[in-house]
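S.K.: Take this structure first; my questions come after.
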């Protein structure tokens with residue numbers, strides 16, 4: 001039976017982890033590769049790097065991070081942030097990423113999703129959706145970290161990008177991101193039920209019950225979280241044991 | 001002893017290389033990634049990876065001068081141990097039906113067909129960690145706990161190989177229906193899952209492959 005996935009996400013800026021990962025005995029909490037190795041050993045099902053490097057000159061730093069991670073971790077790796085062209089995707093895949101997540105570039109040019117899927121296969125194209133609730137039962141796509149509205153309906157957009165070849169959706173509720181009050185379950189379920197591809201729920205995790213809710217009530221096939229893992233509050237193992245007790249199927253290898 | 005990972009333009013071989021290198025170092029073997037048909041022809045063991053669509057991978061393989069012939073000679077005629085991974089495993093089939101019909105190597109008779117989920121909760125691609133249901137014993141699975149309580153393998157695919165001869169299916173995985181997870185015939189084996197991404201199970205399978213004397 002396929003297991004639901006638990007995915008820690010690291011924000012990486014100029015090749016360094018933002019805010020640092022405060023668990024186990026990391027020699028250098030700011031080194032994304034060390035954190036990746038620790039998560040690999042801890043039983044994470046996948047790892048996600050979000051590159052938030054702002055300056056163009058430093059954009060290559062993520063490639064080195066990905067390359068060194070792929071040398072040391074034998075687990076799937078998704079990389080997103082600033083992916084604008086098929087060359088960006090190719091470079092990340094060649095460095096060792098298994099999947100690449102695209103966001104703003106897909107909002108501005110839907111055809112980019114089709115092009116990416118045709119070139120590299122749907123299995124490595126993740127479309128990231130940042131959505132905000134704008135009316136009861138209606139969510140809109142926002143870009144620029146939730147500051148810029150686009151007027152695009154999130155559910156319709158999710159259907160559109162999967163029809164164009166996206167192999168997975170990474171959905172973040174901008175209302176919940178950083179709040180620690182749990183996923184926006186209505187949003188998650190609305191999109192998970194509307195598409196035929198797997199969906200990763202993100203934004204708002206503050207407790208282990210939230211992870212359970214994302215899968216059980218939100219119908220996500222994977223849950224992504226950052227702070228609850230990075231700051232040593234919960235281990236991956238504790239998260240999975242909690243999910244298992246709630247009747248979800250997880251990998252305990 | 002040399003192990004070659006065939007490079008025919010099918011995506012990233014870096015992690016596959018690193019996983020095999022890790023296992024090969026323990027066995028005193030040398031691993032190289034090569035797009036040179038001569039190197040493949042002379043290798044003691046051959047690994048054929050593959051990501052993307054079947055037809056594209058087939059096209060990529062055909063684009064390397066002499067590569068298909070080198071594989072036929074070294075693997076089929078000379079019987080060197082061979083492992084196909086993901087689309088590299090699917091290419092063993094007679095033909096694939098992804099993005100049009102394309103012929104495979106025909107070493108494992110059968111077709112590569114789309115996964116047809118039995119219920120809307122089952123998403124495609126079949127993506128993530130699943131267990132293996134063994135249909136027979138195989139050297140590559142030796143010492144690896146399988147079955148519902150066994151180790152997990154990492155899958156990501158929308159198509160799977162439907163073997164014409166069920167006796168060549170080594171293991172399946174349960175996704176509403178049975179999907180082919182591993183096939184083998186004589187010195188030829190293939191996994192739909194990614195051993196290089198499958199942590200414990202994957203590294204154990206790779207170590208078994210490097211020791212395999214079919």
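The values are calculated or read from the model by the stated rules, or taken from the named source; none is laboratory data. Keep in mind it's a predicted model, so treat the numbers as computed, not measured. For neighbour counting, all protein chains shown are included, and Cβ atoms are generated from backbone atoms with ideal geometry for every residue, glycine included.
S.K.: Can you tell me which of A:134, A:65, A:161 is away from chain B (no Cβ under 14 Å), outside any strand (DSSP E or B) and free of Cβ contacts under 8 Å to residues at least 60 places away in the same chain?
M.R.: Criteria check complete, one pass: A:161.
S.K.: Can you list the strands (runs of 3 or more DSSP E) found entirely within region B:91-191 that contain at least 3 residues being more than 13 Å from the chain's Cα centre (by Cα)?
M.R.: It comes to B:110-114, B:126-131, B:159-163, B:169-175, B:177-185.
S.K.: Looking at region B:28-48, can you tell me whether even one residue there is within 14 Å of chain A (Cβ to nearest Cβ), within 20 Å of residue B:163 (Cα to Cα) and touching a helix residue (DSSP H, G or I) at 6+ places or on another chain (Cβ under 9 Å)?
M.R.: There is no residue in region B:28-48 that is within 14 Å of chain A (Cβ to nearest Cβ), within 20 Å of residue B:163 (Cα to Cα) and touching a helix residue (DSSP H, G or I) at 6+ places or on another chain (Cβ under 9 Å).
S.K.: Under 26 Å from residue A:99 (Cα atoms) and in a strand (DSSP E or B) - does that describe any residue in region B:193-206?
M.R.: no
S.K.: Another one. Considering only region B:67-90, how many residues are crowded, with 18+ Cβ neighbours inside 10 Å and either outside any strand (DSSP E or B) or touching a helix residue (DSSP H, G or I) at 6+ places or on another chain (Cβ under 7 Å) (or both)?
M.R.: The total comes to 15.
S.K.: Quick check: anything in region B:165-188 crowded, with 17+ Cβ neighbours inside 10 Å, touching a helix residue (DSSP H, G or I) at 6+ places or on another chain (Cβ under 6 Å) and within 30 Å of residue A:169 (Cβ to Cβ)?
M.R.: no
S.K.: Can you say whether residue A:116 is in a strand (DSSP E or B), closer than 29 Å to residue B:51 by Cβ and in contact (Cβ under 8 Å) with a residue 24 or more places away in the chain, as far as the supplied structure shows? Give the derivation first.
M.R.: On the way: in a strand (DSSP E or B): no; closer than 29 Å to residue B:51 by Cβ: yes; in contact (Cβ under 8 Å) with a residue 24 or more places away in the chain: yes.
No; evaluated as a whole, the condition is false for this residue.
S.K.: Separate question: Of all residues in region B:1-15 being more than 10 Å from chain A (Cβ to nearest Cβ) and at pLDDT below 90, which is nearest to the chain's Cα centre (by Cα)?
M.R.: Per the stated criteria, the residue is B:9.
S.K.: Something else now. Quick check on residue B:119: is it surrounded by fewer than 17 Cβ atoms within 10 Å (Cβ to Cβ), more than 11 Å from chain A (Cβ to nearest Cβ) and modelled with pLDDT under 95? Spell out how you get there, then give the answer.
M.R.: On the way: surrounded by fewer than 17 Cβ atoms within 10 Å (Cβ to Cβ): yes; more than 11 Å from chain A (Cβ to nearest Cβ): yes; modelled with pLDDT under 95: yes.
Yes.
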